[in-house]
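Written out below as structure tokens is the structure these notes cover.
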Amino acid sequence: MTEIVTAAAPSNRLKGRRIVITGAASGIGRRTAQIFAKQGAALTLLDRNAEALAEIARETGGLAVATDITDEASVERAVEQGASAMGGIGGIVNAAGIWLRGSVREVGFAEWRRVIDVNLTGVYIVVRCCLPWLTQAPFATVVNLASGQGLFVNVANRTAYAASKGGVVNLTRALAAELAPHIRVNSVCPGLVDTPMSANMGRDVSAYALKRIADPVEIANAILFLTSSEASYVTGAALAVDGGRTFH
């Protein structure tokens, strides 16, 4: 059994940082909020699930703002509240996302558009709304949650999801080129992760070199690395944290 490192060292890697995290109520976003709080970051937490969001805000000391990331006006209000509460914004973690299984024959336009709106356009909206503060912050960072499916599609019935996550990978690269040298922008591309969203995905790990599903903390630790000064020379990267799936 492989040991999973659940505590990051050294401590206070994000001391003084002011971070907005989307999708913070559950899964990878929630675990990232917990780790970032322990590492000294001030947090603004965004999600549609107000009740679960309030719970993680109490745990981390962050500001909870119920937000629909596909609604620019909603994001603008949330970002302004966060910037006011934290005294600025110096980083983003775009962890909000939805999953949809289905082929091009099965997925209708409304379903397609919903997946693209949440997984791809939502990232664009959040970055755009935070940009006035990011440009004023030293060592600003953006980390977008993409997927191994955005790097290499090896199974059928992932049409909308794979397209959205491939878009996140390339949006990240475009933003990295546009916002350099002041703002670093990277993506993390997980494989199967033990979250509520993956419950209906199937848990076949035969294509994974490590032969297991990931714990959310393993993805959160990668997000922490890219947000921290330890990744100061990394931008435009699509970091595969997928147990070795994408090289198969």
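The values are calculated or read from the model by the stated rules, or taken from the named source; none is laboratory data. Quick caveat, the model's predicted, so the values are computed rather than measured. Here Cβ is always computed from backbone atoms with ideal geometry, including for glycine, and neighbour counts include all displayed protein chains.
Mind telling me which of the residues A209, A222 ends up being of a type in the set (G, A, S), buried (at least 18 other Cβ atoms within 10 Å of the Cβ) and either without any contact (Cβ under 8 Å) to a residue 40 or more places away in the chain or not in a loop (DSSP other than H, G, I, E, B) (or both)?
Details: A209 fails: buried (at least 18 other Cβ atoms within 10 Å of the Cβ).
Going through A209, A222 in turn, the sole match is A222.
For the range 24-72, what are the residues that are in contact with a helix residue (DSSP H, G or I) (Cβ under 9 Å, 6 or more places away or on another chain), assigned to a loop (DSSP other than H, G, I, E, B) and surrounded by fewer than 23 Cβ atoms within 10 Å (Cβ to Cβ)?
S26, Q39, G61, D68, T70, D71, listed by residue number.
With the requirement that a residue be within 24 Å of K15 (Cα to Cα) and either buried (at least 21 other Cβ atoms within 10 Å of the Cβ) or basic (K, R) (or both), what does the range 225-248 give you?
L226, T227, T235
If only one of G97, G108, G82 is within 19 Å of the chain's Cα centre (by Cα), of a type outside the set (S, T, N, Q) and within 29 Å of T159 (Cα to Cα), which one is it?
Numbers: G108 fails: within 19 Å of the chain's Cα centre (by Cα); G82 fails: within 29 Å of T159 (Cα to Cα).
Of the residues listed, the single one that is within 19 Å of the chain's Cα centre (by Cα), of a type outside the set (S, T, N, Q) and within 29 Å of T159 (Cα to Cα) is G97.
Looking at the range 123-171, which of its residues are among the β-branched types (V, I, T), assigned to a loop (DSSP other than H, G, I, E, B) and over 26 Å from S229 (Cβ atoms)?
Our first condition is that a residue be among the β-branched types (V, I, T); within the range 123-171, this holds for 123, 125-127, 135, 141-143, 153, 155, 159, 168-169.
This time we only want the ones that are assigned to a loop (DSSP other than H, G, I, E, B), so: 135, 153, 155.
Passing the criteria: V153, V155.
Report, ordered by the first and then the second residue, all pairs with beta carbons closer than 6 Å, sequence separation of six or more or different chains, a first member in the range 225-247 that is over 17 Å from A137 (Cα atoms) and free of Cβ contacts under 8 Å to residues at least 60 places away in the same chain, and a second member that is outside any loop (DSSP other than H, G, I, E, B) and aliphatic (A, V, I, L, M).
Qualifying pairs under 6 Å: F225/A231; L239/V188; L239/A222; V241/V188; V241/I219; V241/A222.
Report, ordered by the first and then the second residue, all pairs with beta carbons closer than 9 Å, sequence separation of six or more or different chains, a first member in the range 61-89 that is modelled with pLDDT of 95 or more, and a second member that is part of a strand (DSSP E or B) and surrounded by fewer than 18 Cβ atoms within 10 Å (Cβ to Cβ).
Between residues of the range 61-89 that are modelled with pLDDT of 95 or more and residues that are part of a strand (DSSP E or B) and surrounded by fewer than 18 Cβ atoms within 10 Å (Cβ to Cβ), the close pairs are S74/A66; A78/A66.
Please go through the range 199-248 and pick out each residue that is in contact with a strand residue (DSSP E or B) (Cβ under 9 Å, 6 or more places away or on another chain), of a type in the set (V, I, T) and more than 16 Å from Q149 (Cα to Cα).
Of everything in the range 199-248, those that are in contact with a strand residue (DSSP E or B) (Cβ under 9 Å, 6 or more places away or on another chain), of a type in the set (V, I, T) and more than 16 Å from Q149 (Cα to Cα) turn out to be I223, T227, V234, T235.
Can you work out which of the residues in the range 73-97 that are assigned to a helix (DSSP H, G or I) and polar (S, T, N, Q) is farthest from A140 (Cα to Cα)? Talk me through it step by step, then tell me what you get.
Taking the range 73-97 and keeping what is assigned to a helix (DSSP H, G or I), we get 73-86.
Now restrict to residues that are polar (S, T, N, Q): 74, 81, 84.
Working: S74: 23, Q81: 19, S84: 17 Å.
Looking at the filtered set, the residue picked out is S74.
Can you give me the number of residues within the range 14-36 that are closer than 21 Å to A140 by Cβ, without any contact (Cβ under 8 Å) to a residue 40 or more places away in the chain and among the aliphatic types (A, V, I, L, M)?
1
Among what's in the range 1-33 and is among the polar types (S, T, N, Q) and modelled with pLDDT under 95, pick the residue that is nearest to the chain's Cα centre (by Cα).
Filtering the range 1-33 for residues among the polar types (S, T, N, Q) gives 2, 6, 11-12, 22, 26, 32.
Restricting the remaining residues to those that are modelled with pLDDT under 95 gives 2, 6, 11-12.
Values: T2: 25, T6: 18, S11: 22, N12: 21 Å.
That would be T6.
Go through the range 134-193 and report how many residues are among the charged types (D, E, K, R), free of Cβ contacts under 8 Å to residues at least 60 places away in the same chain and surrounded by fewer than 24 Cβ atoms within 10 Å (Cβ to Cβ).
Qualifying residue count for the region: 2.
Out of the range 162-210, which residues are among the charged types (D, E, K, R) and either at pLDDT below 95 or more than 12 Å from V142 (Cα to Cα) (or both)?
If we filter the range 162-210 for residues that are among the charged types (D, E, K, R), which is where we start, we get 165, 173, 178, 184, 194, 203-204.
Within the range 162-210, K165, E178, D194, R203, D204 qualify.
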